[in-house]
1. Could you put B:SER558, B:SER389, A:SER115 in order, starting from the residue whose Cβ has the fewest other Cβ atoms within 10 Å?
2. Straight-line reach from A:LYS118: which lysines have Cα under 21 Å away, leaving out those fewer than 8 places along the same chain?
3. Which order do B:ASP529, B:ASP218, B:ASP309 fall in if you start with the one that has the fewest other Cβ atoms within 10 Å?
4. Quick one: what are the phi-derived ³J(HN,Hα) couplings along the range A:261-267, Karplus 6.51/-1.76/1.60 with θ = phi - 60°, whole Hz, x for glycine and proline?
5. What do you get for Rg/Rh over chain A if you use C-alpha atoms and the Kirkwood form of Rh?
6. Quote the FRET efficiency, to the nearest 0.05, computed for B:THR212 versus A:HIS112 with a Förster distance R0 of 30 Å and r equal to the Cβ-Cβ distance.
7. For chain A, set up a Gaussian network in which alpha carbons nearer than 10 Å are linked by springs, and say which option among A:LYS193, A:LYS355, A:LYS118 fluctuates the most.
8. Bin by bin, in steps of 20 Å, what percent of the Cα pairs in chain B do you find, going until the bin that has the longest distance?
Amino acid sequence: MKLKKYLFLLLAATLPLMYSCEGGDNDITQNPITDPDSGYSLQGGIKGLYVLNQGTWGTQNSSLDTYNYSTNQYSIGKINNVGATGNDMMIYGSKLYIAVNMSNQVKIYDAHTLSFQKEIAIPECRSLTYNDGKVYVTSYSGAIDISTRKGYVARIDTATYATDSCSVGYQPEQMAVYNNKLYVANSGGYRSKLGYDNTVSIIDLSTFKLEKNIKVGINPNKMLISNEGEIFIASLGNYTSAHPSKIFVLNPTTENVDSISANCGCMSRCGDSIYVCSNDYDYTTWVSSPSYHIINTKTHTVVANKIITDGTTLTYPSMIKVNSITHDIIIGDAYGNVNSGEIYCFSKAGVLKWKYATGVSPIAMLFTGFTPK
Amino acid sequence: MKRLIITLCVICACSRLTAYEHVDSTHVHTIANVTVRGNYLASELIPVQTLQGDELQLLASNSVADAIRYFSGLQIKDYGGIGGLKTVNIRGMGSEHVGVFYDGIELGNAQNGVIDLGRFSLDNIESISVYNGQKSDIFQSAKDFSSASSVYLQTRNPSFKNGTNTNVKASFKTGSFGVANPSFLWEQRITHNINSSFNAEYLYTTGRYKFTYRNAGDRDTTSTRRNGEVSAIRFEHGLNGNLSHGEWRIKNYFYSSRRGYPGAVLSDDPGRFIHADTQWDVNYFLQGSLKGHIAPWYDMQINAKYAYDYMHYLSDPKKDVTVVALTNNHFHQKEYYLSTAHMFKISHAINADISIDAQRNTLNADLDKFVDPRRWTIFTAAATSFNLSHIKMQGSLLYTYVHETVNNNGSATPDKNKFTPTLTIAWKPRKKGDLSLRAFYKQSFRMPTFNDLYYTSIGNSALKPEQTTQYDCGFTYGHNFQHSILYRIELQTDGYCSHVTNKIVAVPADNQFRWMMMNIGKARITGMDIGLSTAWQIDELQLGTRLAYTHERAKDMSMSKDSPYYGGQIPYIPWNNASFVLNGSYRLWDFSYSFIYTGKRYDTSTNIEVNRLDAWSTHDFSLSRNIKWHKIGTKLSAEINNIFNCRYEIVSGYPMPGRNYKIILNIKL
């Protein structure tokens, strides 16, 4: 008995070493951690994974899968009728919010039991973030402009569900919150003939009014905040060699914009590293091929052009997430976007640990601090 | 009522009768009406199914698309409502592989390769036939050899009772969905050898109907289908003539419509965001045929057609808050077609045919930097048939050459050259017996459509044609009973296997917004079709039944073999489907009861629960009464469709109507 007690103490003493991004093995910790990508705290460490599948375009088969880290079980379709094209999700408080793009609704579920609670009509809703009791949603359906509608950010009060809005640029995608300001990536995705949009809108969260727009690369989509408080933006370019995809770095204090030449699509942060996966399209061969990079957020440089080292190939990486405790890298493969996708988990060294089939077209992942149902 | 009238042969026979008949005018005989019951099915080598005459009219159907559901081996993709797009897919090979023929000449759509069968009302249609493979008649245009399967729509041929030179009919239909549907037919005998037929029809429907769907949290929500309004008008004029050794016909066809597209039901707040997309169409064609029996050993036919198709599609942000960018596209298509076929009777058992067709298709559109493609297609077919006492064989070889040019610095797809053979064989163990066995092998292909090749940013001019290879074997059994209330039974069974390669599929290029057409699809389909018909006569009651059943396993082999979903069932193809029709007439009453069952299917090849569509079944009933009012023949009909109010979807997200009604008044002067 005493041996066991000592062993346990020994284990407990080594736990703090495990939640840094440099080391760690396959252990599941009980300690709360803060997810670097979304900023929310996972009270129980990393216990589960939620995967949002877009479903086939034009149908209602968007779904949610779950992965249980203690039983290593992947369950397809834990929520089977999310609606038409779920695009983004987040957990805030005890609720799971899903922006269901073509159903024109943000659907709210209980984060633990996954029971449906409420839906809020937001036409052409795209992405979610939160701050101080409010949920923010980007939408394409703003004021009619000459070429396409402008976009807006809807603000939903989590207590009363009252909504109001603030107009931003064209076809806004992801957002990031820093120092009581909301940064919005305006992709201009419907304006391909007019050069897309190339701005980040800054909204003051006290007044919920647009302060200014800052120019970055064209077609900005995804956003992350680094440890140093800089905003990393994946700008998708115009799919030709004239404007390839690129990462832009916006310093919110100086408003200086830097860029890193790395093809990008999706990003996930772990410590000072951002892991990037991308689909590079070749117009001459009509083939798209994946590429992977690791960026250092301190030096703004590409430190690696490879994540997978054991030769596993994916067809169409659509989402990436790094487990900041075990340093595993999870990548989703949307495959044909019509049939089922796959989810791969690679070790820090880039070797495949497990893979599962998902629903159709996986697009977003989040970690849960509790064991999924 | 299953009374087989050999209408097709009457036209051909007419021309020969005038040449060979010799009437003794000194003695006039009157004979009683004779019912001719022919062994229709057994004379065809290729599996064929037909709906015609009263059996077709009695079916509670709005359009060709509704009627065609009663055939085995095919699936209709119906987007709901009277105005929704309806296309047919035969034996799982894809809708673009089906050739639809109107009075013997193919309807074209080089832009997207499919025909909307919902646009063809049954008002002027005499028969609908579906052939697997090709029509087993070698004396046909080269294009008749080119489709994997064909649907033949035959319009009414004027027939005048003794002493009359004019037929006038009018009808009015109304009922659910706010339908107002008047139509008018005028047939006129102009000379002894020439007659004319004029048909006009107008259709209006609000397209509104209630439907329920399952919302998040498994709540059933009821809503109303809106923006499904249709306003359509059709004019058709045909001239038919008999010559001493042949016949000719000319047809003018004009159709114009405006319809709303309600879009998919995507779990929205009911009624909050109404889709307001609108489409305008104009379809016009002028086609003619000339057939001549030039010599005892030589027959010839010439077919020609000019078609103009216009489409305007509008998706306006001012009308719909979920529309982000304005779409206002106009498309103009033209088709020019000329075909000659020459049949030679080599011996009493051997016939040979050579057919040559030339066709030009053009498409102009106001899409950004659209390349305005122009396509020349030359079809050349050589076919022979052997008719021996127990065995019939047909072999044909089709050679197709396609050449395209484009404008605006686009690149045209390379020329295509293809040889596609067909071989069919039928064997009757006993020459006058009831049983006939048959088998066929056919290769065919379909060209990528103009949309596949050149549509802005999604088109791929390097696309290759899709290829199909079909194998079929089966039998027919038909028996006439004497002195029995059951006077005819027909059974038709076929097993088949088809391969489709280079299937053109949309795949993502670099993100979900940019897709590209690619030849990566592959499918293998095996199945079985069964058809059973019976005909009864019990005193004055005539009954007919028709049962169709299909079992089909259509495997998608496009994805990697490691995928757990490799070989999944292709979207929208059920494993099992069946239909049953019972129709009858008793004195002045006619009735028809029909039932359709479609088994479970999936809306993607990933056959998982979330993609599953439930099985459904509907029951329809119609009742008609013939009334003679002064000298005017009238017929009043009432229909109840989907009697048990089944809530179902054929295409995911497009709910079908529940129970609905129709009242039809027909007047014949």
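All of the numbers you see were taken from the coordinates with simple rules; none came from a lab. Note that the structure is a prediction, hence the values are computed from the model and not measured. Positions of Cβ are backbone-derived with ideal geometry, glycine not excepted, and every protein chain shown enters the neighbour counts.
1. Working: B:SER558 22, B:SER389 8, A:SER115 11.
So the residues, fewest neighbours to most, are B:SER389, A:SER115, B:SER558.
2. Qualifying lysines at Cα under 21 Å: A:LYS78, A:LYS95, A:LYS107, A:LYS134, A:LYS373.
3. Numbers: B:ASP529 24, B:ASP218 10, B:ASP309 21.
Placing the least packed residue first, the sequence is B:ASP218, B:ASP309, B:ASP529.
4. 7, 8, 4, 9, x, 10, 9
5. Values: Rg = 20.1 Å, Rh = 21.0 Å.
Radius of gyration over Kirkwood radius for chain A works out to 0.96.
6. Working: r = 30 Å, r/R0 = 1.00.
With R0 = 30 Å, the Cβ-Cβ based efficiency is 0.50.
7. Fluctuation is largest for A:LYS193.
8. 16, 54, 27, 2, 0
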